[in-house]
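Asks: Would you mind keeping the following structure in view while I ask a few things?
The values are calculated or read from the model by the stated rules, or taken from the named source; none is laboratory data. The structure displayed is predicted, hence computed values, not measured ones. Every residue, glycine among them, receives a Cβ derived from its backbone with ideal geometry; neighbour counts consider all protein chains shown.
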2 protein chains.
Amino acid sequence: MGLRADYVTRPREWIASILAREPRFLSAAQIHQGLERDGARVSLSTVYRTLDHLQGKGDITARPDADGEVTYMLCEPSRHHHHAICRTCGRVEDVDCAAMEQFAESLRARNGFELDGHAIEFFGKCGACR
Amino acid sequence: MGLRADYVTRPREWIASILAREPRFLSAAQIHQGLERDGARVSLSTVYRTLDHLQGKGDITARPDADGEVTYMLCEPSRHHHHAICRTCGRVEDVDCAAMEQFAESLRARNGFELDGHAIEFFGKCGACR
DNA sequence: CGGGATTTTGCGAATAGTTCGCAAATGAGG
DNA sequence: CCTCATTTGCGAACTATTCGCAAAATCCCG
């Protein structure tokens, strides 16, 4: 009976490796370009399918950028945290913050609003870009 | 000499009126459908152009939804605040919160990160949907 | 209220990002 | 090394959004 398989293939390894070395959100097209630069010939379709696959496994986080283009980054959603995104270079730094969590909790109480999640992003310039 | 004009037209009034009565983020297509329902025949191009126009005036806020489709809502960005979005009906409630601002400020100090902005969204169920 | 300069609209075509179908290639396991 | 399920590549299809241009609407001023 078909228990879903999960093949390890070159394209998947290459794509994961691109994501692994870039601490920023990349679009499918950017990943595809990165593969070409590395001399790895992978179709854009496969990039999209692999990204869906990685997302399904919970290995990457997707986020539409300001223009609506979807971008992806290696990021365990298990350990809850937020992001600080550099406006200049796009570098993403994790912001793990108990105070923020606590604040969100307190909001749950107020408002007739049953809070079950939140998304927080900080923008600015990272140390290197200042 | 051409100081930019700003014509008041039926399409623009109709579109603004749709936005004015919906406390949630709507896509261009949804707005277009709303216009048709009202018997107002406006082209989709005009919907997009009017949304750009309103955004330029600072009358509406745009936000790509989870799938990357851009959605719009009447919302003065002048008074800084955040949103609580109902997972069931999409209703958006404003969350004006000094504590959050203060928290963001404190983050500016830590990290080598020069914070110049942030985006916060809360998700859950509004009173009506619980 | 009428005329003319300027802006806006509608339409259809063009673009960009993403998905899909299907045959060929690849990985897992015996 | 053989077989079978999964994955890939390709090109076509789709969807959201933008654009060019001629026609229509708006504004302003007399």
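Okay, residues lined up against (1) among the aromatic types (Phe, Trp, Tyr); (2) assigned by TED's automatic domain parsing to the domain that holds A:Trp14; (3) touching a strand residue (DSSP E or B) at 6+ places or on another chain (Cβ under 7 Å); (4) modelled with pLDDT under 90:
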{"position": "A:Gln30", "(1), (2), (3), (4)": "no, yes, no, no"}
{"position": "A:Val47", "(1), (2), (3), (4)": "no, yes, no, no"}
{"position": "A:Pro64", "(1), (2), (3), (4)": "no, yes, yes, no"}
{"position": "A:Glu93", "(1), (2), (3), (4)": "no, no, yes, yes"}
{"position": "A:Phe113", "(1), (2), (3), (4)": "yes, no, yes, yes"}
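Asks: So, one more: Please specify each residue of region A:51-61 satisfying the condition of being near DNA strand C (Cβ under 9 Å from one of its atoms) and closer than 25 Å to A:Arg87 by Cα. Write out each step before concluding.
Replies: If we filter region A:51-61 for residues that are near DNA strand C (Cβ under 9 Å from one of its atoms), which is where we start, we get A:51-52.
A:Leu51 - this is the single residue of region A:51-61 that is near DNA strand C (Cβ under 9 Å from one of its atoms) and closer than 25 Å to A:Arg87 by Cα.
Asks: Filter region B:34-58 down to the residues that are surrounded by fewer than 14 Cβ atoms within 10 Å (Cβ to Cβ) and more than 17 Å from the chain's Cα centre (by Cα), then identify the one that is nearest to DNA strand D (Cβ to nearest atom).
Replies: Here the answer is B:Ser45.
Asks: State which residue is nearest to A:Glu69 (Cα to Cα) when the search covers only region B:59-78 and only residues that are within 14 Å of DNA strand D (Cβ to nearest atom) and over 9 Å from the mean Cα position of the chain (by Cα).
Replies: Per the criteria, the residue is B:Gly68.
Asks: Residue check, B:Arg10 against (1) free of Cβ contacts under 8 Å to residues at least 24 places away in the same chain; (2) surrounded by fewer than 16 Cβ atoms within 10 Å (Cβ to Cβ), all met but one. Which one?
Replies: (1)
Asks: Look through region B:19-33, keep the residues that are crowded, with 18+ Cβ neighbours inside 10 Å and aliphatic (A, V, I, L, M), and return whichever of them is farthest from DNA strand D (Cβ to nearest atom).
Replies: This residue is B:Leu19.
Asks: Tell me which helices (runs of 4 or more DSSP H) are completely within region A:14-130 and hold 3 or more residues being on the phi < 0 side of the Ramachandran plot and within 9 Å of chain B (Cβ to nearest Cβ), or say none if there are none. Working first, answer last.
Replies: Numbers: elements: A:28-37, A:44-57, A:98-109.
Those helices (runs of 4 or more DSSP H) span A:98-109.
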